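Some notes on the structure that comes next.
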Amino acid sequence: MDRRQMTLMLSDKEMTLLDRLSESRGMSKTALVRQALRLYQSVTERIENGEKVFVEKPSTKEKTELMVI
């Protein structure tokens, strides 16, 4: 697998979020960004195929459609 490097400039707020998420997930920041890209790709492909993606609140079974901008 070929690898390429990039520099990512984040705001303080975005970096704080990345720090918190990587710590809570026990993942490196790089691994977290890779996972986020795979998730975004999966959701985008489903929506492009005409599917809908929902988030369900377990206590009420209320569903909200996930919108990708």
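In order along the stretch 49-57, the Karplus-derived 3J(HN,Hα) couplings, from 6.51 cos²θ - 1.76 cosθ + 1.60 at θ = phi - 60°, round to 8, x, 7, 10, 10, 10, 10, 10, 7 Hz, and Gly and Pro are given as x. Here the stretch 12-65 is treated with +1 on each Lys and Arg Cβ and -1 on each Asp and Glu Cβ, and its dipole about the Cα centre works out to around 160 debye. Using helices alone, what [θ] at 222 nm do you get for the chain, with -39,500 (n - 2.57) per DSSP H run of 4 or more residues, divided over all residues and rounded to the nearest 500? After summing the helix terms and dividing by the residues of the chain, the value is -16500 deg cm²/dmol. A full extension of the chain between T16 and S59 corresponds to an added length of 12.5 nm, given 0.36 nm per residue minus the alpha carbon distance. Within the listed set V55, V43, V33, the residue fluctuating most in the Gaussian network model of the chain (springs between alpha-carbon atoms under 10 angstrom) is V55.
We did not get these values from a lab; they are worked out from the coordinates using the rules stated. Please read these numbers as outputs of a predicted model, since none were measured by experiment. Heads up, the Cβs are rebuilt from the backbone with ideal geometry, glycines too, and the neighbour counts pull from every protein chain shown.
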